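Here's the structure, in C-alpha cells; my notes come after.
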Number of protein chains: 2
Amino acid sequence: MSGSLVVTGVAGLPEIVAGDSIGVLVARCVPLCAGDVVVVTQKIVSKSEGRVVPLDPDDPTAKRKLAESEAVRVLRRRGELVVTETRHGFVCASSGVDLSNVADGYAVLLPVDADRSARRIRDQIRHAAGVEVGVVVSDTFGRPWRRGLTDVAIGCAGIAGIVDLRGQLDALGRELAITEVCVADEIAGAADLVMGKSSGIPVALVRGVDSAWLRESSVRDEVVRPHDEDLLR
Amino acid sequence: MSGSLVVTGVAGLPEIVAGDSIGVLVARCVPLCAGDVVVVTQKIVSKSEGRVVPLDPDDPTAKRKLAESEAVRVLRRRGELVVTETRHGFVCASSGVDLSNVADGYAVLLPVDADRSARRIRDQIRHAAGVEVGVVVSDTFGRPWRRGLTDVAIGCAGIAGIVDLRGQLDALGRELAITEVCVADEIAGAADLVMGKSSGIPVALVRGVDSAWLRESSVRDEVVRPHDEDLLR
C-alpha cells in the first residue's frame, strides 16, 4: 500500500447565513492539520456572501431569466432550461443559479469570485486554527457526452488547480504525454462522494494530498480554458 | 465528522502482460473487504487483454491513423491531434490510443468492452479473495471548457455508474432538483489523486462508499449519453 487519501464529511455546521465566517465555523467543527484540503460547496459560500436573491415562485420563467441575467452567453436552450457561459467563464446549467436548499421564493447565485471566496476561507482557518490548509469551492456541473453530474472546483486557494506533469517520466523512463491533471476537480468530486446531495453536509476534509500541490492557485487562471485553445468546445 | 472514504494506491503489482489475471494479482497485494471499490487504470486492463498493437515510431501520422481506425466519428482535428467518438460512445482524444507506459513501437488500445473487463476483475477477486467488491476501470479524458485532464470511468461492475437521487429531499425537505450524480467518475477521479501519472501505481482501493451504490452496473448503459438527450454536446 502507498499513501492514502482520507475524505471525511464535516458534520455539525449551522445553517449558513450572510456574514458567517465559514472558515471559523469549520475550524470549530473539526480538527484541522496543515496540508488538509477543505472542500466547501458553493451553496453555503454564496449564502455566507449574501448571494441570495428573491425569485417569484409562481413565474415558471423566473429562473431562466435570472440565469440569463447572470450569463455572458447562452450556449443552449431547451424550453426553460439554459446552458450558459457565466462571467467567470464557467459553462453550466442556469449560470449556476440554484433553488435547492434555499427558502421558497429565493435563489442562490454563484459567488462573484470563488477564488477570492476560497482565499478568504483559507485565511479565516489560518487565523482560527493556526494551520495552513488548501480550500476548494465546489459546485455540481453537467458535461457533454456523459450522463450525470459531478462536482468540480469553481474556486481554489492554497491547492493547485492544475498539476503540470510535463518533464516527469513514465514508468518506462520516457517523458509523459499526459501533462496536465486537474486535481482541483478530482478533489471536488472526491469530496462529493461523502457529502451526498441531500444529507446536508456541505463541507468535506481531504487529508493526504501530495504536498507538492499545496501552493497559490486559481480556478479562473488555471482551469477555465480560453476559447482559442479549446479543441473540445 | 461523518463517514470517511479512504483512497489508497495499491503498490507491488508486477508489470502486466497479456493473460494476467488482474483481480488475482490485486488480491495478492492488498487485503480486500466486502464493499471496497477497486479502481484499475485502463492501461493495465488493456495490456492484460492483449490490446497492444505495433505502431511505427518513425511515422508521425501513425498514432492519428490508428486513432481514426478505432473511431466511429472524428469530432475535431488539429494537425495530428484528433478528438473522436469511439465504438463505445466515449468522446476523447485519439480514441484512447496511448503510447505512454508501453514499449517503443507499440500502442495500447481501449478494452473492447470495459464493463465486461470490470466484471471479469470483480469475478476474479470474488474467487481469489472471497469478497464482493466493486470495480471501476478508469481512463484519463479531457473535457471542453475546462483545462486539464481528469480520470473518469470507462467500465464498472458492482458499483453504480450513476446514482439517481430523484425523490430524495433536500435539507429543507423539498424534492431535489439535482437528480443524477455520476459517482463512478467521481470515484475514478478520487483514485487518480493517489496514483499519479508517473508513479507506476495503476490500481487504487476506495473504501467506504455508500453501500446503496453497490449493485450491478454499466458505464455504457448508465453513463454514455445518447446523442438526442445531450443538451451540452
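The values are calculated or read from the model by the stated rules, or taken from the named source; none is laboratory data. Please read these numbers as outputs of a predicted model, since none were measured by experiment. When we count neighbours, we look across all protein chains shown, and the Cβ atoms used for this are built from the backbone with ideal geometry, even at glycine.
Computed values, structure above
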{"item": "Some residue of the stretch B:176-190 being under 19 Å from A:Val183 (Cβ atoms), modelled with pLDDT of 95 or more and in a loop (DSSP other than H, G, I, E, B)", "result": "yes"}
{"item": "In the stretch A:198-229, the residues that are at the interface with chain B (Cβ under 7 Å from one of its Cβ atoms) and either part of a helix (DSSP H, G or I) or under 20 Å from B:Val6 (Cα atoms) (or both)", "result": "A:Ile201, A:Val209, A:Glu222"}
{"item": "Scope the stretch B:83-106; condition surrounded by 23 or more Cβ atoms within 10 Å (Cβ to Cβ) and either within 10 Å of B:Glu70 (Cβ to Cβ) or among the small types (Gly, Ala, Ser) (or both); matching residues", "result": "B:Thr84, B:Ser95, B:Gly96, B:Val97"}
{"item": "Among (1) out of contact with any Gly (no Cβ under 8 Å at 6 or more places or on another chain); (2) crowded, with 20+ Cβ neighbours inside 10 Å; (3) among the charged types (D, E, K, R); (4) at pLDDT 95 or above, the one test that A:Asp139 misses", "result": "(1)"}
{"item": "Positions within the stretch A:95-129 being small (Gly, Ala, Ser), assigned to a helix (DSSP H, G or I) and over 14 Å from A:Ile154 (Cβ atoms), in sequence order", "result": "A:Ala128, A:Ala129"}
{"item": "Meets criteria (among the aliphatic types (A, V, I, L, M), in contact (Cβ under 8 Å) with a residue 40 or more places away in the chain, surrounded by fewer than 20 Cβ atoms within 10 Å (Cβ to Cβ) and not in a loop (DSSP other than H, G, I, E, B)) for A:Val38", "result": "no"}
{"item": "Exclusive hit being at pLDDT below 95 and either more than 11 Å from chain A (Cβ to nearest Cβ) or part of a strand (DSSP E or B) (or both), set B:Arg64, B:Arg28, B:Arg76", "result": "B:Arg76"}
{"item": "Those residues of the stretch B:140-161 which are touching an Asp or Glu at 6+ places or on another chain (Cβ under 7 Å), under 27 Å from B:Pro31 (Cα atoms) and not small (Gly, Ala, Ser), in sequence order", "result": "B:Thr140, B:Asp151, B:Val152, B:Ile154, B:Cys156"}
{"item": "The stretch B:46-83, subset out of contact with any Asp or Glu (no Cβ under 7 Å at 6 or more places or on another chain) and among the β-branched types (Val, Ile, Thr), residue farthest from B:Ile16 (Cα to Cα)", "result": "B:Val83"}
{"item": "Evaluation of B:Asp59 against (1) assigned by TED's automatic domain parsing to the domain that holds B:Ala184; (2) more than 22 Å from B:Ser217 (Cβ to Cβ) (one fails), failing number", "result": "(1)"}
